[in-house]
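First the structure, in the form of structure tokens, and then the observations on it.
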Amino acid sequence: MTDNDGLNKKLFGENFHFGVSTAAYQIEGAHDADGKGPSIWDVFTTNKGKILNGDNGSIACDFYSRYPEDLRLLKQLNIPNFRFSIAWSRILPQGFGKVNQKGIDFYNRVIDTCLELGVQPWVTLYHWDLPQALEAKGGWTNREIVAHFSDFSTLCAKFFGDRIKYWMVMNEPTVFTGAGYFFGIHAPGRRGMKNFLPAVHHAALSIAEGGRALRSALPSGTEIGSTFSCSYVEPYSTKSRDERAARRVDALLNRLFIEPSLGMGYPVQELPALKKIEKYFVKGDEEKLKFDFDFVGLQNYTREIVKHSFFVPYLGAKLVAAEKRKVDVTAMKWEVYPPAIYQMIKQFDRYPGIRKIIVTENGAAFPDSVVDGEINDVRRIDYLERHLLEVLRAKNEGCKVEGYFVWTLTGNFEWAEGYGPRFGLVHVDFVTQKRTIKNSGYRFANFLDA
Ligand code: GAL
């Protein structure tokens, strides 16, 4: 079926973490059940024309009720680690203040079920679903959010810290600030530099504050990380203006959040458009942006080819679409380019401050079809195997990469793309909620069984 037969779990070593990643809004559904408050995604998806086919996550995979079945799938597929996120407004409907015990109970059930099955739960505190009540006060543009986020982090540590060993403060801040606060294509739909820059600064401060809140509340031996999106960036040509454009895009996509957390500040020199972020600094912020994470979650799907463009404001650069380049693409129109993950692990590994890298997301959407109850997703199998081989290449060259999580377990709500593109090792029929394990799921299970 594929020519990646050299792949063997044992080559990654005994302590390598394999798992799958998910996010609350994409799977849980039950958007207003048991006292949950609305999040920005509950509200944003009601706007006409924002989401493909007018879809929303109100039901999604109904993980809220079906979690026992889905967690049993992990067991069936030999998957030892499960990453999920906490919906902030499920446990704090207003974002702060009164706690919703039924929300706490739900996550306790999920955690306890994982542990009973012998699956290690990994928690992300924030995967983009801000309580709408906080958005009404300015959301990430309002500095008050830093204190609220810190309190939310402390609360999660208090309720779940006795059983969760691995924590991730935030998921992909570049994506939620870029798509949600600059382009307005994700919740909450704000646009422009006046929203983007304060959102970036307050999210960056919250990543470090959240880390500190967790560290002071959690027992020793707990590992605290945060996840960062990255795409391997290459210039379209050897012309120096394309090379300079590529460096600006690299600063934006790959360095914007990791560098301040490492104490290097924002990459303003490469990306002068960021200069105005200083406006949102208060005394002592340089120090506050730093946090010594136990691990960094690296999330990579593709590479980007960059060309100079006079017409694109702030960036002076544009991405050359994969389809135009006539390369192999996924259903997200992202180029299939496995060396990207190798290059990004190398790039992150060069930072002296990073202790450990876990690939917390990698995966692909392809149009899956169920034929006689079977989903023979050969392209996904090939994608995953080729990426795993690239992770192994980086590891064998001495990079500190110690984990790999597939995005994702079951098909789910793919943000602005709704239920269009299908990711995951398990197919979901969104009418009947029937789960069918794809051949990629069986293949991953065999790999993990070694
Ligand atoms: C990431 C995100 C996930 C998922 C994935 C596939 O950016 O963290 O929530 O949607 O991409 O697009």
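The values are calculated or read from the model by the stated rules, or taken from the named source; none is laboratory data. In this text the structure is predicted, and so the values were computed from the model without any measurement. Cβ atoms come from the backbone with ideal geometry, glycine included; neighbour counts cover every protein chain shown. For accessibility, only protein heavy atoms count, side chains too; no ligands or nucleic acids. Shrake-Rupley method; radii C 1.70, N 1.55, O 1.52, S 1.80 Å.
Odds and ends about this structure:
- Taking 20 Å as the limit for the C-alpha separation, the pairs LYS9/LYS395; LYS158/LYS288; LYS137/LYS194; LYS194/LYS290; LYS50/LYS98; LYS50/LYS318 exceed it in the case of LYS158/LYS288; LYS194/LYS290; LYS50/LYS98; LYS50/LYS318.
- The range 10-30 versus the range 407-422: alpha-carbon centroid distance in Å: 15
- Peptide packing: for 155-168, 273-286, the average count of neighbouring Cβ atoms within 10 Å per residue gives the ranking 155-168, 273-286, highest mean first.
- Computed over protein heavy atoms with a 1.4 Å probe, the accessible surface of the chain works out to 40 Å² per residue.
- Among the listed pairs LYS165/LYS356; LYS36/LYS279; LYS10/LYS434; LYS275/LYS400, those beyond 25 Å (Cα-Cα): LYS36/LYS279; LYS10/LYS434; LYS275/LYS400
- As a rough guide to protection, the peptides 311-318, 377-384 ranked by mean Cβ packing within 10 Å, highest first, stand as 377-384, 311-318.
- GNM result for the chain, Cα springs below 10 Å: residue of HIS387, HIS148, HIS201 fluctuating most strongly: HIS148
- Taking each DSSP H run with n ≥ 4 as -39500 (n - 2.57) and averaging over every residue of the chain yields -10500 deg cm²/dmol at 222 nm.
- For the range 250-355, a/c is not less than 1.5, where a ≥ b ≥ c are the root eigenvalues of the C-alpha gyration tensor, and a/b does not top b/c. That puts it in the oblate class.
- For the peptides 79-91, 418-430, residues were scored by their other Cβ atoms within 10 Å and the scores averaged per peptide; the highest-first order is 79-91, 418-430.
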